[in-house]
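Bear in mind that the values in this text are calculations on the coordinates, not laboratory data. Predicted, not measured: the structure shown is a model, and the values here were computed from it. Here the Cβ is made from the backbone with ideal geometry for all residues, glycine too, and neighbour counts use every protein chain on show.
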Amino acid sequence: MTLLVILLIRFFVVRKKSLSDILLSEALKNENDGYFNEAIINYNQALIEIKKNRVNNNGLKIKIIDKIKTLHTVTEYKNNFNFLRYHEKDI
């Protein structure tokens with residue numbers, strides 16, 4: 001009985017997140033806050049950690065790669081929009 005209680009306490013309290021989980025949550029937070037460049041960096045680091053740990057979760061890898069592509073598109077669009085707005089003032 002005490003062994004069961006100890007195992008439950010260990011499972012719920014001492015449970016550690018892996019580095020890739022921490023990086024993914026940080027990337028999602030940065031993405032939601034509008035810090036797209038930081039999110040791209042965190043997603044890339046998480047992808048490296050997943051590959052390093054040899055996690056065979058191809059679905060997660062594909063989702064991260066798609067997120068990175070989307071964030072690159074958003075930042076490129078945002079930079080082009082700001083460039084055009086800046087040069088419209090000159091005209």
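Structure above, values below:
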item: Residues residue 77 and residue 25, FRET efficiency given R0 of 22 Å [Cβ-Cβ distance, rounded to 0.05]; result: 0.30
item: Shape call, the stretch 18-88: gyration tensor on alpha carbons, a/c limit 1.5; result: prolate
item: Computed lengthening from residue 61 to residue 37, 0.36 nm per intervening residue step minus Cα-Cα distance; result: 6.7 nm
item: Dipole moment magnitude, nearest 20 debye, the stretch 18-88 about Cα centre, only Lys, Arg, Asp, Glu C-beta charged; result: 320
item: Value of relative contact order over the stretch 18-88, rounded to a whole percent, pairs C-alpha under 8 Å and six or more apart; result: 29
item: Distance (nanometres) between label positions extended 7 Å along Cα→Cβ at residue 54 and residue 4; result: 3.7
